[in-house]
Structure formats: C-alpha cells, structure tokens
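What follows is a set of notes on a single structure, which appears directly below.
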Amino acid sequence: MDSVIINSLQQGLIFAFMALGVLLTFRLLGFPDLTVEGTFPLGAAVTARAVVEGVDPLLAVLLGALAGGAAGAATGLMHTRLKVNNILAGILTASAIYTVMLRTMGRPNTPLLAYENVYGQVLGWFGLGETHLSVIFTLLVLTLAVRVVLGWFLNTDLGLAVRATGSNERMIRALGVNTDNTKLLTLIIANFLVGLSGALACQAQGFADVGMGIGVLVAAIASAILGETIFGGNRVGRLLTGAILGSIVYRGLLALGLRLGLPAEDFKLMTALLVLLVLTLPNMEIGNRMAKGLPKKARLFCRQAIFSPGAAGKTAGARNHGREVDN
Amino acid sequence: MINLTGINKYFFVNTPNEIKALDNINLQVNPGDFITIIGSNGAGKSTLLKAVAGVIPVDSGCIEIDGQDVTNLPEHRRAGDIGRIDQDPMASTAAELTIEENLAIACLRGQRRALARAVTRPRLERFRQALRDTGLGLEDRLRVPVGTLSGGQRQALALVMATMTRPRLLLLDEHTAALDPKAASLVMDITERIVNRHQLTTLMITHNMEQALRFGNRLIMMHRGRIILDIGSDEKNRLTVAELIAKFASCSGTVFDNDRALLA
Ligand SMILES: Nc1ncnc2c1ncn2[C@@H]1O[C@H](COP(=O)(O)OP(=O)(O)OP(=O)(O)O)[C@@H](O)[C@H]1O
Ligand SMILES: [Mg+2]
C-alpha cells in the first residue's frame, strides 16, 4: 500500500483520540481547554518513563492516559473551585506540566526503540507480527471501541447533563445539576483521551520528547472542524465519527503536502491558515458561496465553537426569536 | 407551603448607589396558590424570584419550602422543588439538544444522574403525553434540535420541562414577554391549563395588568423592594385595570411606571 495512506492512517488514528478529547471540551462543553498542549507530551513522558522502568507496555500506556486525566482534573479544579478563568487555568496546568515531564523523564528526550512497544505486545497475544497494517488494525479497533463508549456515554443521563452544560449552563443548573462537577468530569475524560493519544504516539515513534506537544492542539481543532465540515450532522454520533475521520483526512493532507514537496517547516503555518480559512469562510462573500455546500451546523461550529464557545446555541435560537408559534 | 420572612437583598451596599432590591419581604404562599406579581421597573420582582430559586443569595431573612429552610442551599440543591422559566426563550431550553433530550434532562429534575440510557421507550411515551397537552404538535418532532423551534414553541416546551416532575413551586418571570401577542396568549393558555391540572403552586411575574387580573387567585404588587399590595381572589375578580392602577398610585405615592406595561 502507498506509504502516504499508511502514514496518514496510522497518524490519523493515533491523533483521533486527541481530536475526540478536543471535541468534548471545545465543542460539546464549550470550554477552550489549553491543557491539552501539555497533556499530549505528558502522556508520552509518563509512558516512556514507565517502559524504561520495566512496566508492561500496555500498563505504561494506561498510566500515560491516567496522567492526562490528572492534568485535566488540575485544570478543572482550578477553574471550578478556585474560579480561575478557563483559558488561564489550562495555560497554568500546561506550563506546570513542562516541569513534571522533565522530572518524570529526567531529561528532555527518552528513546524507546530498545524496548518492546504496546503494539508488538498486543499483536503478540494473537500471534501476529508487528507490521504497518497490523498496527493500524490494532489502532482501529481501539478507536472504534472509544467511539462506541463515548457515543454511549453522551446519550446517558450523565452524558446529557454534560452536553447541556455546554449548551445552556443556566438551564441545567436550574434542573439540579452541579455544573462544576460536569465540567470537571468532562475535562478529566477529554484529557485522559489526549494523554492516551500521546502515549500511543510515543509507542509508535519510539521516543518521547517534551516538545511533542507543540502545535498538536491546532491540529486537533483542524481535525474536528474538518470532520464536522465534511461529514456533518448534528447528532453526537456523527460528531464523534467525524472527529476520527477528520483526523485521518488531516494527516492525509499533511502527508500529501510532504509528497508534493511542501517543506515540513511550513506545516504549522499552513495548519493555522487552514483553520482560519474554515472559520472565516462562512463570513466572507466568496466564502458564503462556497459554504453553501457545507452543512449548516458545521458552519455554526466553525464560526462560534472556537471564537466564542457556548454561543452557538444562542444564535441558533436568536434566529427564531419572536417567530410565531405555528400550530 | 412557601414562607418568606424578612428577606433583604441590597446591591452596592455602602455606596451612594445602594439599591434595596428586596426590603424586608414577608410572604406566605399557600399550597395551590397561583400568585401574579406586578410592579414598576426595578421594583425587585425578578430579584425576588431569583432569591427564592437560589440563583442569588439573600443578605438576610429566611426562605422555607414546606417547612425546610433552604435559605443557604445553592440553586442546584433546590432545583428538585422549583421549576423556573425566564423571559428569554433561549434561557430555559438547550438549543443544541433535541426536544426528547431536553425532556430527558428535565424529567430527572433534582435527582442524581447516572449512566442509564437517557431517552428510553417508557420515557418517550411520557414525553409524548406531556407534549400532547400543549396542543402544538411537538410530540411528533421529538428529534428536532430545540434551536430550530420558534420562541413560543420553546417557551411551551420550557413549561412542560418545568412542570413535568410536579415541582412544589413554579416560578415564571415574564415568560411570555419576549413573544408576539399571538404566541404569548397561546403560551398563557398552556400555562393556565398545566397549572390548574396539577394544582401547581405558582408565582408569575407579568407586566400585563389585564393578565395579572385574569390569571391566578391572588395578586401582589411590588414597589422599591417592598410588597405594597396583596389582593385575594374575590377582590381581584372585581377589580378593573384602571382601578388597579389607581390603587398602585395610592399605595406607592407614584404613578405606575413600567416600560413594558400593557395597561389596556
Ligand atoms: N445583579 C445585580 N447587580 C446590581 N443591581 C441589581 C442586580 N440585579 C438587580 N439589580 C437592581 O435591583 C433592582 C431590582 O431589579 P429587578 O430585576 O428585580 O427588577 P424587576 O422588578 O424585575 O424590574 P423589571 O420590571 O424591569 O424586570 C433594580 O434597581 C436593579 O437595577
Ligand atoms: Mg424583571
């Protein structure tokens, strides 16, 4: 199979967990959580240290994900209990994580190629060798499992309370939900997923590095937006699947760019421009014509989820404000 | 029974701009009372309902619901007893969620939420039944996002959500004020039907004097943080809007002044 496809599938699936986490906080909770820039390399650093210490790779990956969840809890507690602004709380945690990573690994970078990785371990149980395809298959199974669990969770009573917290916090509080708790819970779940993403990334690439997190947030946002724009739909299931597919498409675009000879150092700038473009297209004249093809919900997301989280619902309602009751 | 004793709520305390939003409010609400509340702008009507719901803390005084002192309970801990609807149609429903999801959230008012499936068959049956009562046909559109409904439909849904669990107290803060006249009267009809059917104890703020006289069994009038008039059912039925305004003038010493007031 073509290496562009292989690479983007593998990378896309690994980063899909992060895109799902970002979807949970940015999109569904309306909480612009900047912790994730630190959570991603933290997951990798904790996993790397654990592997070096001789911990079973699968357990090491789980530890990485749990460390991510703990980072989410830190941001959540800062925001809900200490009333720190949501963006600032994330920045503080991400900054503190840098020290934690250096302390965890004892140095900025840990090579892991000498150790068995989680893919080889899991595939070994089934007597399979570690090839590109089998790794992708393993990741695919895990992604689908997470997709199913999230889809189920978001349709439970608790999951609905989480989504309502993002949609109309005042309302859900008036219905007896302590929104501090729903926010905290969502931040923990989301950062657990981001930590998992980092852990799986370090296992795939054979090293962990404190600099791994630079730019991953904007990539995850781009993935979630791509997913919603292309695959559309306003039911949560569609959003979740969209984030996964969006992540694969995004990595595909990057790989394609490389193949076409675009210099790798330009990627972060281009990603930022891509996100900006999708965000603002609907506001511009040409954008309006081009955006006609996009699902309405995706356009709403583009304009509002990032710039003013939580506002999407208000506008959707405002359009209908004052219209007559049809009966 | 709801008992408010000596409720005070001041804003900007110890500044030249000090506002007595609630000034020694005493009110006893009997079970099944449907009280309409009127008063000029800034009289403290909304503040009163927010204090009862626990949205804002009071400075002093005591709020009791059926003998339980809830004065210091946060809003989410009182929610099981109190259904509330705001003037803003955006405020009482979640736009991004569907009708059935909004109702599923509302049917657990004040209860613990766990990992059970939210939209189940028995619940759907209950939702359809409750929506049918409004006569808007919403029971056939359960999977539509609430953000696509009209303001009147959203307020009707909010009413169903607020009353589905038969709260001990229903608080309505000008819940028809943002609607056009036709939708407003429709939502008022639905309100009356639901309140009467379940004998809900209700406090309803309105700026519509005619509405204030027509609905409910009791009327109170507020002015500068105080309750200046409390009229029972018999007298209320006899009063005309003109007489009510004259009464306001004599009790408050000023003319009735509400920018949204409908005097006719
Ligand atoms: N959060 C607040 N901070 C400062 N002052 C407030 C606050 N909320 C209300 N007030 C003041 O308290 C007074 C009572 O306000 P309230 O909203 O209860 O009036 P209202 O009777 O509902 O008036 P309206 O008919 O205009 O809705 C007003 O003078 C208002 O400016
Ligand atoms: Mg008011």
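The values are calculated or read from the model by the stated rules, or taken from the named source; none is laboratory data. The shown structure was predicted, so the numbers you read here are calculated from the model rather than taken from an experiment. Please note: Cβ atoms are built from the backbone with ideal geometry, for glycine as well, and neighbour counts cover all protein chains shown. SASA here: full protein model, heavy atoms, side chains in, ligands and nucleic acids out. Shrake-Rupley method; radii C 1.70, N 1.55, O 1.52, S 1.80 Å.
Projecting the Cα positions of B:ASN72, B:THR254, B:PHE215 onto the charge dipole of chain B (unit charges on Cβ atoms of Lys, Arg, Asp and Glu, taken about the Cα centre) puts B:ASN72 furthest along the positive direction. In region A:169-195, burial by the other protein chains removes 40 Å² or more of accessible area from A:ARG170, A:MET171, A:ARG173, A:ALA174, A:LEU175, A:GLY176, compared with the chain on its own (1.4 Å probe, ligands and nucleic acids ignored). Could you tell me whether region A:67-186 comes out rounded, prolate or oblate from its Cα gyration tensor? Rule is a ≥ b ≥ c as square roots of the eigenvalues, rounded for a/c under 1.5, then prolate if a/b exceeds b/c, otherwise oblate. It is oblate, given that a/c is not under 1.5 and a/b is not larger than b/c. Hull volume per residue, based on the alpha-carbon atoms of region B:178-233 and their convex hull, is 95 Å³. Take region B:127-264 with all the other protein chains still there, run a 1.4 Å probe, and you get 40 Å² of accessible area per residue. Just name one of A:GLY127, A:LEU77, B:ASN30: the one whose Cα is farthest towards the positive end of the charge dipole of the protein assembly as shown (beta-carbon charges, Lys/Arg +1, Asp/Glu -1). Among A:GLY127, A:LEU77, B:ASN30, the one farthest towards the positive end of the dipole of the protein assembly as shown is A:GLY127.
Residue ranking by accessible heavy-atom surface, 1.4 Å probe, largest first, among A:PHE137, A:PHE267, B:PHE127, A:PHE207 comes out as A:PHE137, A:PHE207, A:PHE267, B:PHE127.
Taking every pair of alpha-carbon atoms in region B:43-103, give the share separated by more than 13 Å as a whole percent. Tail of the P(r) past 13 Å holds 68 percent of the pairs. Accessible surface for B:CYS251 stands near 60 Å², nearest 10, in the context of the full protein assembly shown (1.4 Å probe). Which pairs, out of A:LYS183/B:LYS20; A:LYS183/A:LYS268; B:LYS45/B:LYS236; A:LYS83/A:LYS183, put more than 24 Å between their alpha-carbon atoms? From A:LYS183/B:LYS20; A:LYS183/A:LYS268; B:LYS45/B:LYS236; A:LYS83/A:LYS183, over 24 Å: A:LYS183/B:LYS20; A:LYS183/A:LYS268. Ellipsoid fit via the Cα gyration tensor, the protein assembly as shown: semi-axes of 53, 25, 21 Å, each the root of five times an eigenvalue, largest first. Once you divide the Cα radius of gyration of region A:1-138 by 2.2 N^0.38 Å, the number left is 1.18. Rolling a 1.4 Å probe over the heavy atoms of the protein chains gives chain A an accessible area of 42 Å² per residue. Mean residue ellipticity at 222 nm, helices only, chain A: -23000 deg cm²/dmol; runs of at least 4 DSSP H residues each add -39,500 (n - 2.57), and the sum is divided by the number of residues.
Report the far tail of the P(r) of region B:91-167, meaning the percent of Cα-Cα pairs longer than 16 Å.
Cα-Cα pairs of region B:91-167 separated by over 16 Å account for 43 percent.
With one equal scatterer per alpha carbon and no solvent term, the Debye-computed log10 I(q)/I(0) for chain B at 0.15 1/Å reads -1.11.
Over all projection directions, the Cα-based convex hull of chain A averages an area of 19.1 nm².
Taking both sides together, what accessible area is buried at the A/B interface, probe 1.4 Å, expressed in Å² and rounded to the nearest 100?
That pair of chains buries around 3700 Å² in total.
Comparing the chain by itself with all protein chains present, which residues of region B:88-115 are at least 20 Å² less accessible (probe 1.4 Å)? So the qualifying set is B:MET90, B:ALA91, B:ALA94, B:ALA95, B:GLU96, B:LEU97, B:GLU101, B:ILE105, B:ARG109, B:ARG113, B:ALA114, B:LEU115. Can you give me the % of accessible surface on chain B that is carbon or sulfur? Probe 1.4 Å, all protein chains present, nothing else counted. The C+S portion of the solvent-accessible surface of chain B is 48 percent.
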